[in-house]
Amino acid sequence: MGQNIVEKILAAHLVSGKLAAGSEIGIRIDQTLTQDATGTMAYLQFEAMRIPRVQTELSVSYIDHNTIQIGFENADDHLYLQSAARTFGVVLSRAGNGICHQVHLERFGKPGKTLIGSDSHTPTCGGLGMIAVGAGGLDVALAMAGEPFYLTCPAVVKIELKGKLSPWVSAKDVILKVLELFTTKGNVGKIFEYGGPGVQTLSVPERATITNMGAECGVTTSIFPSDEMTRHFLRAQRREADYKELLADADATYSDVVEVDLSAIEPLAAKPHSPDNIGTVKSIEGLPVGQVCLGSCTNSSYKDLVTVAKILKGRVAHAGVSFILAPGSRQVLDNLARDGYLADLIASGARLMENACGFCIGNSQSPASGGVSLRTSNRNFLGRSGTMDADVYLVSPETAAAAVITGKITDPRDLNMPHPQVDMPDLLAIDDSMFLWPVPASTKGEIVRGPNIGAPPVNTPLPDSIAGVATIKVGDKITTDHIIPAGARMKYRSNIPKYSEFVFENVDASFASRALDLKNQGLSNIIVAGLSYGQGSSREHAAICPMYLGVRAVIAKSLERIHAANLINFGILPLTFANETDYDAIDAGDAICIENARRAIESGKPFDVINKTKARIFQVTCSASTRQVSMLLAGGALNVRGNT
């Protein structure tokens, strides 16, 4: 029996376990990436392991998230990252060089390799034929130390693409269609593998848009074949030597096959406040728009921005629109400038931002109160933009450009102009001078630590019994942004006691103080949640900070993959209701008890939880491998590592 692409790469990297869907496997990791919002903690954790140099083929530290330096915290963290990279043999991509996913795709991604990154959109490099997976910072630190990366062996879903995109329809509309089909929940433990004749019509930047935003479906990752389109992209990057063909065998099998006809897709939008709240642009046209943000790691390639430049040439942004432009990398910006397209964009009224995450993570360009913002980024969670009552719509570059011109949501097919033809260049201008390359260990120097940087906190071993309180009860689709906010608060990422003050800030501002009070009384905090708890960012602070506040368990209807792994890494029990209706019988403030907790977790079977306030018992399950059970009993991965 033949193999699909996922099976070929996993088999070549398998360290432990068997390739049977649903079982735990360990794979060798070739490359890692970190970014400054999550990387500081990852390198602090790597330091705690006392490994002198990274053990991977390549590890890259990107400074791309918190590049706005208001206060000393971000600048101090960047100095720490630079000195840590020098010490541990890591490539550093300096602030201004670009967004990690765009830059890694351009300069380092290799077909057939494995990559994990401390950012949930690491699957972007699946557009190059890599197994590229987002993970918590501690998992990345362990991989840098030479440890395998453990994951549930995925069920591989083939998305069969046929046909060809119509004019004014783009790769962003493809992934919005996929989100409409699969939604943001129910896809844990799956990988999307794209195939079919339609694949050959999509360039690598288009494929990367699709794999990038596949993260919103909750899948482990997404992947495209490595073919002549891949070769062309790598040749333009002057890296053709990194090319290898990687195709599924003709008789490969899949857990499911879903057909998508590219020619039938029309311009789409993700409406507030979820990436899977999909509607046609036609159905919402006419809504006034106050802001258009073009860029982010999803749609900031040379191809994307040249397309918009050609649409806007000779036009000026509507008087009511603030037009924001954030190229994905310095390479993109350089080539736009060389080819004259940057001048066209600036002439159209574009406000040129840094080559960084910026508006996507809410640390700049927040919309006006009650404003409507069209963005080419990948998430539109409530409040993520930095304005709680703003409505953010996720759209393609073409739809964004149409709104720049008209000042309202407009189907780009109605612009009464031919769709611009943009082909990927045969050769791009390349300038790698903003990378700092590893130096010999003998010249590594000292690690620089500012006053905002502290040691990563460590949990205590799991007690025999847990006596606590349901400190908060939340609903479905609670994201890591709900749990620990991004934006301006993220500057405290290296200072866990301070950052913990903002846990659930936008849901229940009193949570942190109440949780700390209960912890000081010797009680455990328990979070009760609905479906898809922990979706969104890989930000492990959404586990570390609750752990610091004394959270010992999360009981949810379902949990998303990265967050569940992060909870285990820091000794928090990820529990799911055996019967979802039991969620309705718990109220915030109820006294909760788990007797014989250690024995219950070791058993691997459903076990009882007592709601003392309601005088009732309900059952929960804990989906953890034998390895993860050991971590939970020890109080987290660092405790296990410290005992070995």
Give me MET213, MET229, MET144 sorted ascending by neighbouring Cβ count inside 10 Å, so fewest comes first. MET229, MET144, MET213
Sorted peptide list for 37-49, 384-396, criterion being average Cβ within 10 angstrom, highest first: 37-49, 384-396
Please get the size of the charge dipole for the chain, origin at its Cα centre, with Cβ charges of +1 on Lys and Arg and -1 on Asp and Glu, quoted in debye to the nearest 20. 820 debye
Computed over all unlike Cα pairs, the Kirkwood hydrodynamic radius of the stretch 294-339 in Å stands at 11.2 Å
For THR460 paired with GLU446, estimate the spin-label separation in nm (one decimal), with each label point 7 Å from Cα along the Cα-to-Cβ line. 3.6 nm
Roughly speaking, what is the centre-to-centre gap between the stretch 42-101 and the stretch 4-19 when only Cα atoms are used, to the nearest Å? 30 Å
Name the residue farthest towards the positive end of the dipole of the chain from the options ALA515, LEU10, SER329, assuming +1 on Cβ of Lys and Arg, -1 on Cβ of Asp and Glu, about the Cα centre. ALA515
What residues qualify as long-range amide H neighbours of ASN277, i.e. H under 5 Å apart, gap of 5 or more or another chain, H built at 1.01 Å from N? LYS271
Calc'd 3J(HN,Hα), the stretch 274-290, phi into Karplus 6.51 cos²θ - 1.76 cosθ + 1.60 (θ = phi - 60°), Hz, glycine/Pro = x, comes to 8, x, 9, 8, 8, x, 6, 4, 4, 6, 10, 5, x, 5, x, 10, x
Through the Karplus equation 6.51 cos²θ - 1.76 cosθ + 1.60, θ set to phi - 60°, convert the phi angles of the stretch 528-533 into ³J(HN,Hα) values in whole Hz; use x for Gly and Pro. 10, 9, x, 7, 6, 5
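Given only helices, namely DSSP H runs of n ≥ 4 each adding -39500 (n - 2.57), what is the per-residue ellipticity at 222 nm of the chain, to the nearest 500 deg cm²/dmol? Before the final figure, lay out each step's value.
Numbers: 21 runs with 183 residues, N = 644.
That calculation yields -8000 deg cm²/dmol at 222 nm.
Would you mind ranking LYS8, LYS18, LYS113 by Cβ crowding within 10 Å, fewest neighbours first?
On the way: LYS8 19, LYS18 9, LYS113 23.
The fewest-first ordering by Cβ neighbours comes to LYS18, LYS8, LYS113.
Give the relative contact order (percent, whole number) for the chain; include only Cα pairs under 8 Å separated by 6+ residues. Mind showing how you got there, number by number?
Values: 1640 pairs, mean separation 90.6, N = 644.
Over the chain, the number comes to 14 percent.
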Likely footprinting exposure, LYS164, LYS185, fewest C-beta neighbours within 10 Å first: LYS164, LYS185
By how many nm would the segment from ASP608 to ASP432 grow when fully extended, if each residue of separation counts as 0.36 nm and the alpha-carbon distance is taken off? 57.6 nm
If R0 is 30 Å, what FRET efficiency do you get for MET417 and ALA241 from their C-beta distance, rounded to 0.05? 0.15
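Sorted by packing (mean other beta-carbon atoms within 10 Å per residue), highest first, where do 197-204, 460-467, 80-87 land?
Result, highest mean first: 80-87, 197-204, 460-467.
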Contact order normalised by residue count of the stretch 220-313, Cα under 8 Å, 6+ apart, percent: 14 percent
Quick check: residue separation of SER623 and ASP587 times 0.36 nm, minus the Cα distance between them. What number comes out in nm? 10.5 nm
Going by Cα centres, the stretch 177-246 and the stretch 410-458 are how many Å apart? 19 Å
Here FRET efficiency (C-beta to C-beta, ALA12 to ILE68, R₀ 30 Å, nearest 0.05) is 0.15
Expressed as a rounded percentage, what relative contact order does the stretch 5-264 have, with Cα pairs under 8 Å and six or more residues apart? 22 percent
Using r as the Cβ-Cβ distance of LYS282 and LEU19, and R0 as 35 Å, what FRET efficiency do you calculate, to the nearest 0.05? 0.20
Using θ = phi - 60° and the Karplus relation 6.51 cos²θ - 1.76 cosθ + 1.60, list the HN-Hα couplings for the stretch 144-160 in order, rounded to whole Hz, with x at every Gly or Pro. 4, 7, x, 7, x, 9, 9, 8, 6, 4, x, 7, 9, 9, 8, 9, 8
At a 10 angstrom cut-off on C-beta neighbours, averaged per residue, how do the peptides 90-103, 490-503 rank from highest to lowest? 90-103, 490-503
Cα centroids of the stretch 584-644 and the stretch 490-513: how far apart, whole angstrom? 24 Å
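Bear in mind these aren't lab numbers, they're just calculated from the coordinates by the rules spelled out. From a predicted model like this one, the values you see are computed outputs, not experimental measurements. When we count neighbours, we look across all protein chains shown, and the Cβ atoms used for this are built from the backbone with ideal geometry, even at glycine.
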